[in-house]
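What follows is a set of notes on a single structure, which appears directly below.
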Amino acid sequence: MKIIFKTIIAVTMFTFTSCKKEVAKEATLQPAVVETPAKPAAEATPSFEPFQIMAVTHTVKNYDVWKKGFDEDEPNRVASGLTLRALARGMDNPNKVYIFLNVTDMQKAKDFATSPKLKNVMQKLGVIGKPEIIYSNVVRFAESPAEMKGRVRIAFKVKDFDAWLKVYDAEGSKTRVEHGFIDRAIARSIEDSNMIYLTFAISDLEKVKARLKSPELQKIMTNSGVISTPVTDFYTSV
């Protein structure tokens, strides 16, 4: 009887030991599970949204006197939905001022521009002559290197904006860069959408001036449907 009991125990121990070995073997054979860290979600590039600008150009008697009064008049501009986007001075005449204002309400902006109050402020600040005011939709915009303070704005009218844009894009920004132009903005007049205002930062002033006089550019403009003599302004961002 003892022999039978010992035999049963031996068989049981053998079976238990074999099971443990098999479990251990299976555990060893299981491939290790490596957790791959989740990739951060790619940030979406914000799409460009056209915006409206009120551009004012005028000459002043003394820039410093004018600038002080201009800064003090900011609350009146803000009340009319206007905020300063950029300020510049003419390259040849530093008392010629270029003011670019963001517009949130076009009618308010126009009312502000024609108000007797603004006229009085301009007179007190030494504005000479009648200001030029342009209202436009900016349909393309790109920042340029901060160290490039020089700007050129070219204004002209075209037969058809879409036809002109195809030729402009065909010329390409690379070609313009070779001639000293760094693309910044394309704007269309609120009153006449075929009136175009191009703004470029300047990397090489002499190249830009030479290009503007070149027969090649004249041909490109003619082929693109430009129907007015371009008006060019050179100024420096402040």
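So, residue 75, is that one touching a residue at least 40 places away in the same chain (Cβ under 8 Å), surrounded by fewer than 15 Cβ atoms within 10 Å (Cβ to Cβ) and farther than 29 Å from residue 209 by Cβ or not? When the stated conditions are applied, residue 75 does not pass them.
Residue count for region 189-238, restricted to those that are of a type in the set (A, V, I, L, M), more than 12 Å from residue 153 (Cα to Cα) and either touching an Asp or Glu at 6+ places or on another chain (Cβ under 8 Å) or open to solvent by 40 Å² or more (accessible area, probe 1.4 Å) (or both): 7.
It is to be established whether one or more residues within region 148-168 are under 23 Å from residue 238 (Cα atoms), open to solvent by 60 Å² or more (accessible area, probe 1.4 Å) and touching a residue at least 60 places away in the same chain (Cβ under 8 Å). There is at least one residue in region 148-168 that is under 23 Å from residue 238 (Cα atoms), open to solvent by 60 Å² or more (accessible area, probe 1.4 Å) and touching a residue at least 60 places away in the same chain (Cβ under 8 Å). Criterion applied to 213, 159, 166, 219 was being of a type in the set (D, E, K, R) and closer than 30 Å to residue 95 by Cβ, and the one residue passing it is 213.
The values are calculated or read from the model by the stated rules, or taken from the named source; none is laboratory data. All values derive from a computational prediction rather than experimental measurement. In this analysis, Cβ positions are derived from the backbone assuming ideal geometry, glycine residues included, and neighbour counts consider all displayed protein chains. For accessibility, only protein heavy atoms count, side chains too; no ligands or nucleic acids. Shrake-Rupley method; radii C 1.70, N 1.55, O 1.52, S 1.80 Å.
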